[in-house]
Every structure is written in structure tokens, then in C-alpha cells.
Amino acid sequence: MTQTHSGSGMTSQRTRARMIARLREKGIRDERVLSALAAVPRHLFVEEALASRAYEDTALPLGFSQTISQPFIVARMIEVLREGRELGKTLEVGAGCGYQAAVLAQLTKEVYAVERIEPLLAKAKLNLRAIQEFRVRLKYADGQFGLPEAAPFDTIIVAAAASCVPQALLQQLALGGRMVIPVGQGEQYLLLVERRAEGYIETPLDGVRFVPLLSGLE
């Protein structure tokens, strides 16, 4: 694990604290979610040239036409999924650099994350190893098909925008489970899907902007 000088460590702690304060100002109320974001060193998940911007409330490029999600969006999606319940067994579609998976791992012991771009998956593995986060199970797979071998999931969080909710993800959502997924091609919004005995209940939430959910492996 890379050693950090005490000065840079202190700077990281201060900038993380400012990030958490901004998230509170923007309406995030779940203290466990805020603590989870505070616990993960976001600067280790971005390119070194962008590390000074790691705690800004903005998405940052990862390469491969992908981004690391804005901290507010990560917090908002997880807060919606957690409201009144524990996350339980969780699937993340679009692991990217591993940042959101690391946040999820602060909140539940069972995190599965799939990524369709192999070099990004390799980066996620290195990042999670660097912070000694071994609770995340990473898989090279097409996220539109979920992860049937580990289903059903109490929680599914999707980090790319679909034109419609993939049928495989609906089928892999446990009874009583929740999924948050960005949907739409031009105008995008977060969609909360809850699986209940009477069927799937969909609730549209905030407008967002995500990279598209693509099929196939790279």
C-alpha cells in the first residue's frame, strides 16, 4: 500500500470534510451514507493529474469514455436505496474505477460489481486492493445481463443510463428489493424500482446525466 505524507493526508481529510459538508447542504440526510463517502479516499480512484479535484462535487473522466460519478449522485442513489432498510446483497452495474463499490462496501458486507471494459476492471481491482477493500467481488461481464449466478439481489445500483430497464435486472431483484437506474437517452432521470408481491413499482426521481449503458464486452 502506498504511503502518504502526513501533510497530504491532512489535506485529503480536510477536503473530504468539505465534500461531506457540501453534500449535507445539498440535502443528503443519511449519516451512514455520509460516513461511507467520508471513509473512501476518492483521490486514489482518479487519475493522478486530477487528484486535486477529487473532492469537488463533479464527475471526472476515467478514460474509455467513462466517468467517476459526482459524489452527490453517488450519495443520492445510495440514500434512496437505503431509506428505511439495509442494503443487503448488492449488485453494482458499471464498476468503473471501483469508487462507488468501495462506498457500498462501507454499508453492506455483500457487494458484487460488474464491468464490461476490461482495463477499467483491472484498474478497479488495483484501486480496491490499494485501500485494502476486499469485500467487493468484481466480475468482467455485460451489466445488462446482471450477474445471474449470484442473484437474487436485495439492492441493484446502475451507473449508466439505459433506454429502458433491462429485463434481466428486474428478474434478479429479490422480492422486497430496490433498484436505482438512470433511464432515458436525451433527457435522463433516476428511476427507483421496487419489487413487491403485487409487482414492480416505479418511481421517477431527479434528472441526471450518465454515460449510456452499452452491451457487449471491451
(message) Helix-only estimate, please: 222 nm mean residue ellipticity of the chain, summing -39500 (n - 2.57) across DSSP H runs of length 4 or more and dividing by its residues, to the nearest 500.
(response) -9000 deg cm²/dmol
(request) Report the paramagnetic label zone for Arg53: residues of region 88-115 whose backbone N is under 20 Å from a point 7 Å from Cα along the Cα-to-Cβ axis. (result) 96-100
(request) Count charges around Glu83 for me, please; just the other residues with Cβ under 10 Å from its Cβ, Lys/Arg as +1, Asp/Glu as -1. (result) +2
(request) Go through region 166-212 and name the GluC sites (Glu not before Pro) that are in a DSSP coil and have 12 or fewer other Cβ atoms within 10 Å of their Cβ. (result) Glu187, Glu198
(request) For Ala130 and Ile201, calculate 0.36 nm times their separation in residues minus their Cα-Cα distance, and state this gained length in nm to one decimal. (result) 21.6 nm
(request) Two decimals is fine: what is log10 I(q)/I(0) at q = 0.09, 0.10 Å⁻¹ for region 6-208, from a Debye sum with one equal scatterer on every Cα and no solvent? (result) -0.31, -0.38
(message) On a straight-distance basis, which lysines could pair with Lys123 in a cross-link, Cα separation under 23 angstrom, same-chain partners fewer than 8 positions away excluded?
(response) Lys109, Lys139
(request) Multiply the residue separation of Glu83 and Ser215 by 0.36 nm, subtract the distance between their alpha-carbon atoms, and state the gained length in nm to one decimal. (result) 44.5 nm
(request) Quick one: compute the contact order of region 6-208, relative version, from alpha carbon pairs under 8 angstrom and 6+ residues apart, as a percent. (result) 14 percent
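Since every read-out is calculated from the coordinates, none of them should be taken as a lab result. Remember, it's a predicted structure, so these values are computed and weren't measured experimentally. Heads up, the Cβs are rebuilt from the backbone with ideal geometry, glycines too, and the neighbour counts pull from every protein chain shown.
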